[in-house]
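Chemist: Can you keep this structure in mind? I'll have questions shortly.
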Amino acid sequence: MAVRLTRDLNAEGLGSNTIRRMVRGEQLARVRRGAFLAVDDGVSLDHRQLIDATIPRLRPGHVLSHTSAAWLHGLPVDAGELGLVTVTKPGTGGAALGPYLHRYRTPLPEADIESVDGLCRTRLARTVVDVGRCGDLGFAVAAADAALRRGLAPDELATQLQVIRRYGIRRARTMVELADARSESPGESLSRVAMWRLGLPTPELQFEIVIGGTRYRADFAWPEFRVLGEFDGKVKYGELLRPGETAADAVMREKRREAALRAAGWWVVRWTYKEAMHPTTLERLLRPALYRSA
């Protein structure tokens, strides 16, 4: 659904008063100042529409970067950051923050830029490192994990770290050190960062256990403590249904799985996004389990 700028509406004969009445009457939705979306049943605004409303207002040379580039690459991002379009203007001079735009002014080689669907954005490796420099560490690690799972070579991130000498590069190095392609969801990535911040023992990821000829896999494991960790933010019972299986069947299967693990001497700890986003809450779940097992 195309974003229509004020000048487009004016060209159709719609004046300022008419546009205001259409917004009040919910015939138009305001994406940002000077940009609108025709309202149909089920319409929802997304970050791409905010990008389409913002880029035409900028002078040539701006490149979508940071959160906006990460979103365009399909990487996990903090939803709270999607109210701003993030761009980089090659050069020097720091950053400027407006109501709809976060503009960075920093060196940006042509090799780090690509054009896709008519939009200029930073390439994947540069995007990940920029998010690592300027964003929340948890979501930065989630983006790096997703990029590595997609096939991004760790050497590409290492090269970016060597080239970029800008604000936040130490945080980006930490992100690269923590990144692991074995994390299968943003929640698992956020959980790992929380564990790292808490100083908890480093878990093994996607740990497999064979009990009675049946193979089980856990998101996290501390074999020395006989503790398993499960992140339950993936709506498992809905997403992991087997052919012909109902949600009730999936719940029962999961209960049997956990009973088998406990019977084999494993302590199972479960948590959700709520705990992953609040390390102290996650600590209250994990640390007693590790101490109890020890």
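Chemist: Tally up the residues in region 232-255 that are surrounded by 14 or more Cβ atoms within 10 Å (Cβ to Cβ) and at pLDDT below 70, please.
Modeler: 6
Chemist: Run THR67 past the list (1) surrounded by fewer than 23 Cβ atoms within 10 Å (Cβ to Cβ); (2) under 30 Å from GLU184 (Cβ atoms) and report the number of the one that doesn't hold.
Modeler: Unmet for THR67, out of (1) surrounded by fewer than 23 Cβ atoms within 10 Å (Cβ to Cβ); (2) under 30 Å from GLU184 (Cβ atoms): (1).
Chemist: Touching a Cys at 6+ places or on another chain (Cβ under 7 Å), in contact (Cβ under 8 Å) with a residue 40 or more places away in the chain and either at negative phi or charged (D, E, K, R) (or both): does that describe LEU108?
Modeler: Answer is no for this residue.
Chemist: Tell me, please, whether a residue that is free of Cβ contacts under 8 Å to residues at least 40 places away in the same chain and of a type in the set (Ser, Thr, Tyr) can be found in region 127-144.
Modeler: No, region 127-144 has no match at all.
Chemist: Name the single residue, out of those in region 73-112 being buried (at least 19 other Cβ atoms within 10 Å of the Cβ) and either in a helix (DSSP H, G or I) or among the aromatic types (Phe, Trp, Tyr) (or both), that is nearest to the chain's Cα centre (by Cα).
Modeler: Checked region 73-112; the qualifying residue nearest to the chain's Cα centre (by Cα) is GLU81.
Chemist: Now for a separate question. Could you tell me which residue of region 155-197 is farthest from the chain's Cα centre (by Cα), considering only residues that are closer than 26 Å to PRO109 by Cα and basic (Lys, Arg)?
Modeler: Taking the candidates together, the pick is ARG165.
Chemist: Do you know which residues across region 263-294 are of a type in the set (D, E, K, R) and modelled with pLDDT of 90 or more?
Modeler: ARG270, GLU275, GLU283, ARG284, ARG287
Chemist: Now for a different question. Among the residues that make up region 157-170, is at least one of them under 18 Å from GLU230 (Cβ atoms), in contact with a helix residue (DSSP H, G or I) (Cβ under 6 Å, 6 or more places away or on another chain) and either hydrophobic (A, V, I, L, M, F, W, C) or outside the structural domain of ALA95 (by TED's automatic domain parsing) (or both)?
Modeler: no
The values are calculated or read from the model by the stated rules, or taken from the named source; none is laboratory data. Quick caveat: nothing in here was measured; it's all calculated off a predicted structure. A quick note on method: Cβ atoms are made from the backbone with ideal geometry, for glycine too, and the neighbour counts reach across all protein chains shown.
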